[in-house]
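J.: Below: one structure in structure tokens.
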Amino acid sequence: MTSTRYALARTAGSLAAGLSRRTGRGDGTTVGGRITLALDPTALEHAAGGRDFAIVSGTNGKSTTRTFLTAALLTRGPVVSNAGGANLPTGLTAALTRDRTARIGVLEVDEPFVPIVSEAVHPRVAVLLNLSRDQLDRYAEVRRLAGIWRDALSRPEAPVAVANCDDPLVVWAASAAATTVWVSAGQRWANDTAVCPACGGVITRDGADWSSDCGLRRPTPTWTVEGTQVTDPDGTRHQVTLAIPGDVNVGNAAMAAAAAALWDVTPADAFTAMTLIDEVEGRYLRTSFAGVPVRLLLAKNPAGWVEALSMVPDHEVGVVIAVNARPADGRDPSWLWDVGFEVLRGRVAVATGERSRDVAVRLRYADVDHTRVDDEAAALRAATKVGPVEVLANYTAFQTYRRVVGDG
Amino acid sequence: MADPVRIALVYPTVLGTYGDGGNATVLTQRLRWRGIDAETIDVGIDHSVPEQADLYVLGGGEDSAQTLAVNRLGDGALNRAVDAGKTVFAVCAGFQILGETFLDGAGAVHPGLGLIDCRTDRLDGPRAVGELLGDSALDGVGTVTGYENHGGRTVLGPDATPFATVRSGIGNGDAAGDGAIQGNVVATYLHGPALARNPELADALLRRVVGELDPLDDAEELELRRERFAAITRAKVTRWRRQWRPPARQ
């Protein structure tokens, strides 16, 4: 039941996308989706076309978890997904109009758009990873985002929530859902959850456990993560050896497995599919530059930086810290001071990106030896003099580095 | 050996949303680099503020966190420290709660600590978000730069004077001022963090505690400041270009 208006809007959007690609302006996803949505505001609902969806949202880990879940669900048949990470309604509309055959969809969704996208695609499950400070110039407060999720999940016909029981903001939001599957996906960054989102009181922590006087507390998880082991609801332990680094990604894998179980994918099959993923759109990519091994790590916000810094090895490596402050990054890099760059002491860092001067001052006060190089390729070349290089970059700086190393 | 200079970072888990914890790092390091023993004390939200610290630093936070922090500070520890002549540097939400009143998350008037003669309600327009530039009223501090992100309008009473005159940005949203100075309490809306972007301000605060200071090589901070000044100028030029329209034909 495709309306004429939607058909026209879809055609116009894909023409514009093709034009954008051919003229080298971009991959056309955003402009195509924007035109389609402008001509038919219900285009996302039309494009969804009654298919069977999972949505994935959270401050960090959206793309990785979307990739994991897609891999797991591919064992069930073709899957449409917003690969490339365009996670606003425009990008989702473009992805869904491009592939009209796959019956299952996995969509990563920018946090504030969870209600709009849920209304349009009626997902079976919402995978809710974590919430922490990010782009505060746009969203101002983290708790407000949790409130938006909570409202979306308390609507009738809201999806099943697969939610991280270690993040109080996520728990407060997800406990509004009729059905919730709790996963102990971990929370290394607790600095946005000292205050209870429900009552404004103090959250008391005792190891992994946490509680607030108002009664909000850590739910008992049905999926448990310990190191690289995941215990499923049947009590079976799975050793999850991923090809990508970071403890945080074992948690993301557990979240994806819990969602895939709603399509009757067994945990063993799900994890096997996920271990084959060795990069996610350039993240964790191992490549080389000037004959020296280079790894790209994306970190968009303090929580992401803490995770990324934990992946930098102790031995002799060159470290590039690349930071921009464009609208997609957040215009205010004050968050650099929320991140413990002190862990890089004893290593040599190169500051680059459009806000390299902010990075240099931060590294100065962290007592980390550093230089500052404006040009991203020159900064990488300087770091290769030290040894293998870890490039840590925020969102738009990361896209620059994918071009520098010739990926994407 | 003398006791270390103690910088108390007040409730960073609730008043630390905008990177302002960096102010304590800057103060401590600038003392250490000069051979003066210094330490930062992170004050947890379940503890009272230590009264024997030398300098108290408060940062920005979300609405509910702000109310939680001011309720904890209601035990009077910070007020007693100020009465004893200690220096306080407060930013954004930390500034608002030191005043007579501010608005809580629900929009209700909430009493502050009364350390600054000011009252905070809501800005008429949209939230103030962007680069903030001004000229500080503190001796030797000069031009101050940072980033503001708040919805509050703060009106000063007769006992407080503005911390800076705003050249670009919103600040208090009243009388072209930003922040406040009242005795040993200095407050501003500048994030960045303020003391990383304005090392002269950091040293002005430290001089209140330890007296005269040896100079430091702040070449990197100066480079950052020059770049930020240029960025504000570029943004202004872009705005003018966008607003310019060809004169209408007669």
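Here, each number is a calculation from the coordinates, and none is a lab measurement. Keep in mind it's a predicted model, so treat the numbers as computed, not measured. Cβ placement follows ideal geometry from the backbone for every residue including glycine, while neighbour counts extend to all protein chains displayed.
J.: How much length is gained on full extension from B:R245 to B:D42, taking 0.36 nm per residue of separation minus their Cα-Cα distance?
T.: So the chain would gain 67.7 nm between B:R245 and B:D42.
J.: Starting from the Cα-Cα distance between B:E223 and B:L138, subtract it from 0.36 nm times their residue separation and give me the gain in nm to one decimal.
T.: Extending this stretch completely gives an extra 28.4 nm.
J.: So who's got an amide H within less than 5 Å of the one on B:L213, skipping anything under 5 residues away but keeping other chains? H placed 1.01 Å off N, in plane.
T.: none
J.: Here's a follow-up. Mind listing P(r) for the range B:1-79? All alpha-carbon pairs, 5 Å bins, whole percents.
T.: 3, 17, 25, 23, 16, 9, 5, 2, 0
J.: Shape of the range A:42-274 from its Cα gyration tensor (a ≥ b ≥ c, root eigenvalues): rounded if a/c is under 1.5, otherwise prolate when a/b > b/c, or oblate?
T.: Verdict is oblate for the range A:42-274.
J.: Quick check on the protein assembly as shown: helices-only [θ] at 222 nm, where DSSP H runs of length 4 and up contribute -39,500 (n - 2.57) each and the sum goes over total residues. Nearest 500, please.
T.: Taken over the protein assembly as shown, the calculation gives -10000 deg cm²/dmol.
J.: For the range B:196-240, what is the convex hull volume of its Cα atoms per residue in Å³?
T.: 71 Å³
J.: To the nearest 20 debye, what is the magnitude of the charge dipole of the protein assembly as shown about its Cα centre, counting +1 on the Cβ of each Lys and Arg and -1 on the Cβ of each Asp and Glu?
T.: 2780 debye
J.: Step through the residues of the range A:248-256 one at a time and calculate ³J(HN,Hα) from phi using the Karplus curve (6.51 cos²θ - 1.76 cosθ + 1.60, θ = phi - 60°), rounding each to whole Hz and writing x for Gly and Pro.
T.: In residue order, the calculated couplings are 4, 6, 5, x, 4, 5, 5, 4, 5 Hz.
J.: So what J values fall out for the range A:223-236 if you push phi through Karplus, 6.51 cos²θ - 1.76 cosθ + 1.60 with θ = phi - 60°, rounded to Hz, Gly and Pro as x?
T.: The phi angles translate into 10, 10, 10, 9, x, 9, 10, 10, 9, 8, x, 7, x, 7 Hz.
J.: Now for a different question. In whole Å, how far is the Cα centre of the range A:249-321 from that of the range B:105-128?
T.: Going from one Cα centre to the other spans 43 Å.
J.: Let me ask another. Once you order the gyration tensor axes a ≥ b ≥ c over the Cα atoms, which shape class does the range A:1-118 get: rounded for a/c under 1.5, otherwise prolate or oblate by comparing a/b with b/c?
T.: Prolate.
J.: Could I ask something else about it? For chain B, count the residues as N, evaluate 2.2 N^0.38 Å, and divide the Cα radius of gyration by that value, please.
T.: My calculation over the Cα atoms of chain B gives 1.03.
J.: Given R₀ = 35 Å, what would the calculated FRET efficiency be for A:D367 paired with A:R237, taking r from the Cβ atoms and rounding to 0.05?
T.: 0.25
J.: For A:T93, B:T233, A:T287, A:T241, which order do you get if you count the other beta carbons within 10 Å of each Cβ and list the fewest first?
T.: A:T241, B:T233, A:T287, A:T93
J.: If you take every DSSP beta bridge fully contained in the protein assembly as shown, what fraction is antiparallel? Give it as a percent rounded to 5.
T.: Just about 45 percent of them are antiparallel.
J.: Just for the range A:286-404, what percent of DSSP beta bridges are antiparallel, to the closest 5?
T.: Of the beta bridges lying entirely in the range A:286-404, close to 20 percent run antiparallel.
J.: Oh, and also: If you average the alpha carbon positions of the range B:150-196 and of the range A:191-232, how far apart do those two centres end up, in angstrom?
T.: The distance from the Cα centre of the range B:150-196 to that of the range A:191-232 comes to 38 Å.
J.: Next up: Mind listing the phi-derived Karplus ³J(HN,Hα) values for the range A:109-126, rounded to whole Hz, using 6.51, -1.76 and 1.60 with θ = phi - 60°, and x for any glycine or proline?
T.: 10, 4, 3, x, 9, 4, x, 4, 5, 4, 4, 7, 10, 6, x, 6, 9, 10
J.: Here is a further query. For the range A:124-202, what proportion of DSSP beta bridges, expressed in % and rounded to the nearest 5, is antiparallel?
T.: 10 percent
J.: When the Kirkwood radius is taken over all Cα pairs of the protein assembly as shown, what Stokes-Einstein diffusion coefficient follows at 4 °C and 1.567 mPa s, in µm²/s?
T.: Diffusion coefficient, whole number: 49 µm²/s.
J.: Another one. Could you check the simple spin-label distance between B:Q52 and A:D247, using points 7 Å along Cα→Cβ, in nm with one decimal?
T.: About 3.6 nm, to one decimal.
J.: Could you give the longest part of chain A that holds none of the GluC sites (Glu not before Pro) found in DSSP loops with at most 16 neighbouring Cβ atoms within 10 Å?
T.: Maximal segment without exposed cleavage sites: A:158-315.
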